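Okay, structure first, notes after.
Just so you know, all these numbers are worked out from the coordinates, no wet-lab data involved. Only a predicted model underlies this, so the values are computations on that prediction, with no experimental measurement involved. Virtual Cβ from ideal backbone geometry, glycine too; neighbours counted across all protein chains shown.
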Amino acid sequence: MPAPIDKLQSSFVFSQSSLQDYVDCQRRFQLRYIQQRAWPAVEAEPAMDNEHFMQRGLQFHQMAHQYWLGVPKEKIAGQVKGDKILSRWWKNFAGSKGFEERNFQNQKPFPEISLSAPIGDFRIMAKYDLLVIQPEGKAIIFDWKTSRKRPKREWLIHRLQSRVYPYLLVQAGAQLNEGEPFKPEQIEMIYWYTDFPDQLARIPYSPKQFDEDQAYLARLISEIQSMGEGEAPLTEDERRCRFCVYRSLCNRGVEAGPLEEAEGDWEAEGGFELELGFEHIAEIEY
Amino acid sequence: MPSIANQLTPDQISIIEAPLDAKIFLEGHAGTGKTTVGVERILTLLEAGIPGNQMLLLVPQRTLAAPYYEALRSPTTTAGGAVTVLTIGGLAKRMVELFWPLISAEAGFANPNRPPTFLTLETAQYNMAHLVRPLLDQGFFESITIERNRLYSQILDNLSKAAVVGFPHTEISQKLKSAWSGEPGQAHIYDDAQHCANLFRTYCLEHNLLDFSLQIEVFRNHLWPAPVCHEYLLENYRHLVADNVEENAPVTHDLLQAWLPELESGLLIHDLEAGYRRFTGADPQTMYELKDYCDQQVTFSESFSASDEVLNFGYAIAQSLLPEDESGPFKIDDVPFPIHHSPLDSTRYYPQMLDWIVEQIALLIEDGVPPGEIVVLSSYLSDALRFSLTERLDELGIPTYSHRPSRSLREEPATQTLLTLAALAHPHWGLPPSKFDLAYAFIQAIAGLDLVRAQLLTDIVYQKRNGRLSPFDQIKPETQERITYKLGNLYEKLRLWLDAYIQEPPEELDHFFNRLFGEMLSQPGFGFHADYDAGEVTANLIESVRKFRWAVGESLEAEGIPLGKEYLQMVDDGVIAAQYLYRWQTQIEDAVFLAPAYTFLMRNRSVEYQFWLDIGSRGWYERIRQPLTHPYVLSRHWDLHRPWTDADEYDASRDSLHRLVLGLIRRCRRGIFLGLSELGEQGYEHKGLLLKAIDRALRSAGKEE
C-alpha cells in the first residue's frame, strides 16, 4: 500500500473541481487530493439511478464530441434509440438552432480541448466541452450540463468552474487566438442544459472579474499550500456530507442523500466530472 | 524547476533546438541523455508557440512517460494546450470510442447501434472461460497440465500477438504447429487453442465486446483508413515524440511509418540493446525501419549514468554471455569491478542472504547514501520475498516501496470479508459461508473482536443450514458477557443491517459493497473505520465487480444466472480478482525500491547502487512456461516451418539475459551488490547462467578466485 502523504505533491495539477472541493470542505480536499484516499461509499441514492445518471452524462458528452468531429447526426442518434432520456437530450442538442453547422462556418470549434497554465508553484488545468472562437475574436466557452434541475444564474456565477474556465482561457488561450492572449471582455461562458435547451446560462467575463479571479485563485492555492499535516477542518454545512463518500470517516452520517436533492449541483460537485491530471488525459476521454 | 540548459551537451542542444519541422531518429544506450532530449524538445516546441494540443507523446508503457509528466506539470512550463500522452492501446481505444458509429457495422459487430464494451484482462478471461470451459469437458487440451486461468490468458495472448504483430488471428495454430519440434501428437493443442481463439472473436463481435486485440485490429483495419478518423489524427497531432520505440510491436511501427511523412515534426527515440517487452510483441527489428523515415539520424554514446567501472563489469558479463558477439564495445580494463557479493560461507540459505543484503543497505545509508538511490532487484518478487525484505528494513527504520505489477485481490482480508458477507446476504445464491470464513469475516468487520470470541459468536449465532444469523440477545447472558456487550451491540447492528437487506430485492453486487462499506464496515466501531488499506481494497473490488457487470451482466441475466453468485464462483476459480493493479502509486521520493528487474527497467531511471538478489536463479533469463503461445514464433521474423529447438531456446535466454544485464548496468552509477545463496527461495540448489557468467567474467579478469 502506498504510504500516507501529508503534503500536496509539487506535481499536483489544480482543476475547478479540486478547488471546489477545497472551498466546500477542506477535509474532503485533504483526503481526496493530498492523501489520495479511496473510500467507496454510496454517493447518492438510489445508487443505480445515480450510476445511470453519470453514464448518460458521459455518453452525452461523447456524442457531442462526435458531432463536432463530423460524425453524422443520424449515426450518433442511432446509438441511443433504446434510451428515452438520452434520445431526448440528443434531440434537444441536435435540434438546437444554435448548434447547427452553418452557424459555425467561419468559426473555429475546439471540442474537448484541455488548457493549462502556471499558478503560483503549481499548474491549473481545465478540459472544455467546447470552445468556439468567432471571427471577430470573441471566445465562447460551452459547457454541457445534464442535471435535471437548472440552477439559478447567481449560483452558477459563484461556482469555481465559472471562475476557472474563463480565467484559464485568458492565461493559456493565446495559441488559439493567433498568438494573442484573449482579453477578458472577449470571453463568454455558456452553460447549456440538456433538458432546458432554450434556457442558456450566459456569463460574460470582464477585466474586473479576471482581476478578482486571479487574486482569489492565488489566495486559495496559497492557503492549500500552507495546510498543515493535521486533520483539516470539516465543512460547516453538514448537508454536503450526505453526498460525500467520506461521511463515515468524519462521523458525519450513515446513508447517502437522495439523488433528487443533489442533482442541482451534482455535476459541479464532482459527481461525474473526473479529476483531471495529465496522466488522466491519456487514459480517459471525458 | 531549475533550468538544465547549462547541463546539456552540444549534441543534445542541436536536437532540442532543431528546426520546428525536423524529423529525427535518435538512438543510444540507456543513460546517454535521450529522454532528456525528448522532454526538452517538447518544452522547446511549446516555447516556440506550437500548441501542446497538437503534440502527441507516444510511449509503450505509462511508467516510461514519468519524466515527461514531471516537466509538463511544472509551473515553469509554457501555458497553453495540453500535450497528449498515449500508448498505442490508449490511442486505439480512444479512436474506437470516438468513431464507433462510423465503423461498428463494417468491422463486423452484430449490434452496430449499441455502444461498445471494452474488456479488461479480467473480463476478457472471464468470457474466454465461459466459452472454453464446456470444451475442456469435451477433451480439449487434455494432453497438457496447466492452470485454467493460465490457459485462458495464453489464448488471449495469442490473439493479442496476432493483432500487434499484424497477421490474421486465424493463422495462430499454423504458425505454432509449424515451429513445434516435440512429439507430433502434442501439436493438436494448437488446433484447440485456435478453435478457442476463433470462438472468442466471434463471441466478441456478436456482443460488441472489444478485448485488447480487437481494439488494435479495429483501429488498424477500420479507423486509420477511415477519412474522418485519419483527418482527425492528422489535424490534431502535428508533432510527435515517441520514446522507447523499440518496446513497441510491429503494428505500431507500421503506423508510425505511415504517419511520419504527414507530420510536421517527429522525434523517435530508440534505446539500444533494449526490447525488454518481447513477451508483449516488442520488436526492435521492425522499429529499425523507421530510421529511413526520418531526415536525420543521431547516435548518442556518452554515458551520463553508469561509471566506467560499472560499465566495465557489465561488459565483462556480456562478453562472457555472448563471447561470439564481436560488435559490442567490450573492453575489460584493468580497473576494479565495483561489486560486492554475499559471503559464500555464511549465506548458504536464502534468509541469510537477505540478512546480508539488509545489512549492506544499512551500511550504505549510514555512509550517507540516500535510500532512494538503492534498488533491490530480483527475477520475480514474490509476496513472501517482499514481506521478508520490507520487515527487515522496517526494523532498521529504512523506508521501502515496491511496485509489483500485480497482487492478488482475492487474498486480501477485506476482500474475503466482503465476499463472505455478500454470500450471507444473498441466501438465494445457495453459497452459505463456512463457519470458519464467517468467524474470520467477523474479526475483520467488528473492531476489537478476537479469534476466540469470533469463533464463539459464530458457533452460537450461525446456522449454515439456513444461512441465517440469530440475535445477540438470544445468547445466554454469561456468554454475552464473555463476548462483551459492546462487541455484541456491533454484531447486532451488522446482523440487522444484513437482515434488512435480505428483506428487500437484491441490489447489484458492487452497489451492495458500496453500501455495506459506507453504512456499516467503515462506520465507527467497525473494522474498516479509518482503515485506509481496507478502503483501497474495497474500492478495487467494487471496480472489479462493476466492470464484470458491465461486460457480462446482460448475458448472465439472459441466462438467469445471478451476477453476484457467478462473480463469487469465478473468484473461487481464480478466473477473476486473481490479480489487479493498485491505483497509480505515488512514488515515495526517498525509499529503497524493491522490484522485479524488468519493472525497474521499465521505469527507466538510474540509481547509485543495485542489489541483485539470488543471482543463481534461472528466473533471470528463463521464459515462463507457456505451452500455448510463443513470443518468438509468433513474431514477424520467424520463418514458417522452421522448428523452434532447444538451441533456439538457449540462445533466446542468453540474449534476453544479455540485454537485461546491460540494461541494469547502464542504470547504475556506483556499485552492484550480488546476493547469492547456495539454496534458492524454494530451497533448491541452483547455478543459472547469470551466476556462471559473472563467475567467468571475474575469473577471466583475474579479479576473483
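Overview of results
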| item | result |
| --- | --- |
| Amide H contacts under 5 Å for B:His686, placed H, 5+ residues apart | B:Gly680 |
| Cα gyration tensor, chain A - rounded (a/c under 1.5), prolate or oblate | oblate |
| Relative contact order of the range B:453-504, pairs being alpha-carbon contacts under 8 Å that are 6 or more residues apart, as % | 30 percent |
| For chain B: relative contact order, % (alpha-carbon pairs under 8 angstrom, 6 or more apart) | 22 percent |
| Between the range B:619-665 and the range B:336-386, the alpha-carbon center distance in angstrom | 29 Å |
| Listed residues B:Leu438, A:Pro197, A:Gln62: farthest to the positive end of the dipole of the protein assembly as shown (Cβ charges) | A:Pro197 |
| The range A:13-283 - percent relative contact order, Cα under 8 Å, separation 6 or more | 27 percent |
| Size of the range B:413-573 as Cα extents on the principal axes (Å, biggest first) | 52, 35, 28 |
| Value of [θ]222 nm, deg cm²/dmol, for chain A, DSSP H segments ≥ 4, -39500 (n - 2.57) each, nearest 500 | -10500 deg cm²/dmol |
| Dimensionless Rg/Rh of the range A:196-249 - Kirkwood Rh, Rg from C-alpha atoms | 1.14 |
| Violating pairs (Cα-Cα greater than 29 angstrom) within the set A:Lys152/B:Lys93; A:Lys108/B:Lys547; A:Lys73/A:Lys138; A:Lys73/A:Lys127 | A:Lys152/B:Lys93; A:Lys108/B:Lys547 |
| Computed magnitude of the charge dipole of chain B (debye, nearest 20; Cβ of K, R +1, Cβ of D, E -1) | 1220 debye |
| Span from the the range A:179-200 Cα centroid across to the the range B:263-297 one, whole angstrom | 44 Å |
| Ranking of B:Ile339, B:Ile361 by count of other Cβ atoms within 10 Å, fewest first | B:Ile339, B:Ile361 |
| Centre separation in Å (Cα based) which lies between the range A:14-47 and the range A:67-134 | 27 Å |
| Per-q log10 I(q)/I(0), chain B, q = 0.06, 0.07, 0.11 Å⁻¹ (Debye; single scatterer per alpha-carbon; no solvent) | -0.42, -0.58, -1.34 |
| Within straight-line cross-link reach of B:Lys177, lysines at Cα separation under 17 Å, skipping those fewer than 8 residues along the same chain | B:Lys161 |
| Under 16 Å from the Cα of A:Lys75 - lysines, other chains or at least 8 residues apart | A:Lys91 |
| Förster-model FRET efficiency, 25 Å R0, B:Arg625 and B:Ser301, C-beta, rounded to 0.05 | 0.05 |
| For B:Ser402, residues with placed amide H under 5 Å, excluding near neighbours | B:Leu594 |
| Hits among aspartates and glutamates - C-alpha to C-alpha of B:Lys486 under 16 Å, sequence gap 8 or more where chains match | B:Asp450, B:Asp473, B:Glu478 |
| Derived scalar couplings ³J(HN,Hα) [the range A:180-190; Karplus, 6.51 cos²θ - 1.76 cosθ + 1.60; whole Hz; x for Gly, Pro] | 9, x, 5, 8, x, 6, 7, 9, 9, 10, 10 |
| Value of Rg to Rh for the protein assembly as shown (Rh from inverse mean 1/r over Cα pairs, i.e. Kirkwood) | 0.96 |
| From phi via Karplus (6.51, -1.76, 1.60), per-residue ³J(HN,Hα) for the range A:26-41 in Hz, x at Gly/Pro | 5, 5, 4, 4, 4, 5, 7, 9, 7, 8, 6, 8, 7, 9, x, 7 |
| Residues B:Glu366, B:Glu309, A:Glu185, B:Glu27, sorted so that the one with the fewest Cβ neighbours within 10 Å comes first | B:Glu366, A:Glu185, B:Glu309, B:Glu27 |
| Separation of the B:Asp394 and A:Val23 label points, Cα + 7 Å toward Cβ, nm | 4.3 nm |
| Calculated P(r) tail over 23 Å for the range B:111-215, as whole % of Cα pairs | 26 percent |
